[in-house]
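The values are calculated or read from the model by the stated rules, or taken from the named source; none is laboratory data. It should be emphasised that the depicted structure is a prediction, and the values quoted were computed from it without experimental measurement. Heads up, the Cβs are rebuilt from the backbone with ideal geometry, glycines too, and the neighbour counts pull from every protein chain shown.
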């Protein structure tokens, strides 16, 4: 039987390419004025215009400007919001080359003030950043940590404010990307830490985590809500933070004739499935990622992520694979949070 592919349509991504181009055209005429206003401490001269230019690209984006060495930095960030992360990444790809005046980032960077004895005004109190401590507890089943941020000022804050301030302090120390990549849970405590790290010591602790948990693959075994078994291979560091442009999920469901009632053993089809995967990986190249391959009930699903503005999905749809064991189904949809594979995260 000739293999055929069936697919479901998904909503198109928000059209931001023109807005990104328009931003950088505007920026070329505005950058000198913004630098002059920063030097003079006059935020009002550029704030509204910069906000409007950023919001036209995506309403979920945030921005900040500040000193960076002898020049200035411009950050346009999704601030942890998955739906605008790829737009920030595309904005950065279109940025002009950095020069002595300006550098550009798509996420807030670690702030050098953390190690300088600086203070923050929190709940009417001057809080020295050197007084803040952080305790970490590593997850048993994955490369992430629970963080507790300690400072007596949290006693004066409501629960929601505590969490927001604790997150801000971690971002100052680690930057947005490492905070999202490594912090799996966050608590703010007014009690002193029994054993804690200062904010200045936190980046070294995270770098150690990075060394101990390299990118690799792991076997997963489990059951679905209906009790049927599931088995597969997933990346151990399964996170869209490392692939911000890959906001489109392409599920390629390949049927096989299972040789066991559980539907996991492909028997003679195993070699064909491996060849199918090899060809798929060659087809998408570095334009996509396949972070999870899951088998259940006689179907092996290849979870592929790609840039929704690229042509990977159409390339897969046009692939004449000749699969002999049934219809190959394709489901394409936007998934900037990688929710389709979140259940398989170690």
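Of the conditions (1) under 25 Å from the mean Cα position of the chain (by Cα); (2) buried (at least 18 other Cβ atoms within 10 Å of the Cβ), residue 263 clears all except one; give me its number.
(1)
Is at least one residue of the range 174-182 farther than 22 Å from residue 112 by Cβ, surrounded by fewer than 21 Cβ atoms within 10 Å (Cβ to Cβ) and touching a residue at least 24 places away in the same chain (Cβ under 8 Å)?
Among the residues of the range 174-182, not one is farther than 22 Å from residue 112 by Cβ, surrounded by fewer than 21 Cβ atoms within 10 Å (Cβ to Cβ) and touching a residue at least 24 places away in the same chain (Cβ under 8 Å), which makes the answer no.
Please work out if residue 245 is in a loop (DSSP other than H, G, I, E, B), over 28 Å from residue 89 (Cβ atoms) and either assigned by TED's automatic domain parsing to the domain that holds residue 330 or in contact (Cβ under 8 Å) with a residue 40 or more places away in the chain (or both).
no
Is it the case that residue 115 is modelled with pLDDT under 90, over 20 Å from residue 176 (Cα atoms) and either touching a helix residue (DSSP H, G or I) at 6+ places or on another chain (Cβ under 9 Å) or in the same structural domain as residue 33 (by TED's automatic domain parsing) (or both)?
So residue 115 fails the test.
From the list 94, 89, which one is under 20 Å from the mean Cα position of the chain (by Cα), surrounded by fewer than 16 Cβ atoms within 10 Å (Cβ to Cβ) and outside the structural domain of residue 177 (by TED's automatic domain parsing)?
Of the residues listed, the single one that is under 20 Å from the mean Cα position of the chain (by Cα), surrounded by fewer than 16 Cβ atoms within 10 Å (Cβ to Cβ) and outside the structural domain of residue 177 (by TED's automatic domain parsing) is 94.
Within the range 218-248, take every residue that is within 16 Å of residue 300 (Cα to Cα) and in contact with a helix residue (DSSP H, G or I) (Cβ under 6 Å, 6 or more places away or on another chain) and give me the one that is surrounded by the fewest Cβ atoms within 10 Å (Cβ to Cβ).
Per the stated criteria, the residue is 220.
Of the numbered conditions (1) farther than 21 Å from residue 81 by Cα; (2) touching a residue at least 24 places away in the same chain (Cβ under 8 Å); (3) part of a helix (DSSP H, G or I), residue 271 satisfies every one except a single condition; which is it?
Here residue 271 clears every test but (2).
For (1) modelled with pLDDT of 90 or more; (2) more than 16 Å from residue 247 (Cα to Cα); (3) out of contact with any helix residue (DSSP H, G or I) (no Cβ under 7 Å at 6 or more places or on another chain), each residue gets a yes or a no:
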position	(1), (2), (3)
46	no, yes, no
64	yes, yes, yes
78	yes, no, no
87	yes, no, no
94	yes, yes, no
99	yes, yes, yes
104	yes, yes, no
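Return the only residue of 341, 332 being closer than 23 Å to residue 182 by Cα, in contact (Cβ under 8 Å) with a residue 60 or more places away in the chain and touching a strand residue (DSSP E or B) at 6+ places or on another chain (Cβ under 9 Å).
The unique qualifying residue is 341.
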